[in-house]
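To start, the structure itself, in structure tokens.
Where a number appears in this text, it was derived from the coordinates with a stated rule and is not lab data. Treat the numbers as computed from the prediction; the structure is a model and nothing was measured. Glycine also receives a Cβ, built like all others from the backbone with ideal geometry; neighbour counts cover every protein chain displayed.
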Amino acid sequence: MDCLFCKIAEGSIPSRKVYEDEHVLAFEDIQPQAPVHLLVIPKKHIASLDEAGPEDAELLGRVALAARQAARDAGIAESGYRVITNIGKDSGQVVFHVHYHVLGGEPLGPLVAKPSAAE
């Protein structure tokens with residue numbers, strides 16, 4: 001399989017890990033969109049959240065809790081952080097392996113900019 005995140009999880013591509021356990025890995029994004037921008041992935045390959053099955057429920061719960069822990073370890077839990085996952089190409093998903101973006105370290109503002117009244 002030619003999946004970038006699978007290669008990172010197996011260690012064949014280096015990353016700046018911030019959390020790891022038997023099932024989940026969290027690492028710094030190489031193109032950060034906020035002062036803190038982490039990616040949290042299951043080590044099992046699942047192409048997108050839409051392709052997850054009932055058998056993945058526990059694993060996805062572990063990913064969510066790892067995102068929480070990574071935010072705490074990064075020092076952004078108290079002030080607040082955002083967790084986002086993109087599903088499919090129209091959402092902006094580029095790497096087709098389930099991953100959650102953990103963003104914080106500054107006020108993030110609205111998720112999607114609303115058009116102004118002049119538009």
Go through (1) over 20 Å from LEU103 (Cα atoms); (2) among the hydrophobic types (A, V, I, L, M, F, W, C); (3) touching a Phe, Trp or Tyr at 6+ places or on another chain (Cβ under 6 Å) one by one and return the number of the condition ALA26 breaks. (1)
Could you check, for segment 48-58, whether at least one of its residues is in a loop (DSSP other than H, G, I, E, B), small (Gly, Ala, Ser) and farther than 21 Å from LEU103 by Cα? yes
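Listed here are the residues, each with its yes/no results for (1) of a type in the set (D, E, K, R); (2) assigned to a loop (DSSP other than H, G, I, E, B).
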site	(1), (2)
LEU38	no, no
LEU60	no, no
VAL63	no, no
ALA66	no, no
ARG72	yes, no
SER79	no, yes
ASN86	no, yes
ASP90	yes, no
Restricting to segment 55-66, give me the number of residues that are surrounded by fewer than 13 Cβ atoms within 10 Å (Cβ to Cβ) and over 16 Å from VAL83 (Cα atoms). 3
From the set of residues in segment 23-32 that are outside any strand (DSSP E or B) and within 12 Å of the chain's Cα centre (by Cα), which is surrounded by the most Cβ atoms within 10 Å (Cβ to Cβ)? ASP29
Tell me which of these ALA71 doesn't satisfy, since it passes every other one: (1) among the hydrophobic types (A, V, I, L, M, F, W, C); (2) under 29 Å from GLY109 (Cβ atoms); (3) touching a helix residue (DSSP H, G or I) at 6+ places or on another chain (Cβ under 8 Å). (3)
Answer yes if at least one residue in segment 39-54 is surrounded by 16 or more Cβ atoms within 10 Å (Cβ to Cβ), more than 17 Å from CYS6 (Cβ to Cβ) and either in contact with a helix residue (DSSP H, G or I) (Cβ under 7 Å, 6 or more places away or on another chain) or without any contact (Cβ under 8 Å) to a residue 60 or more places away in the chain (or both), and no otherwise. no
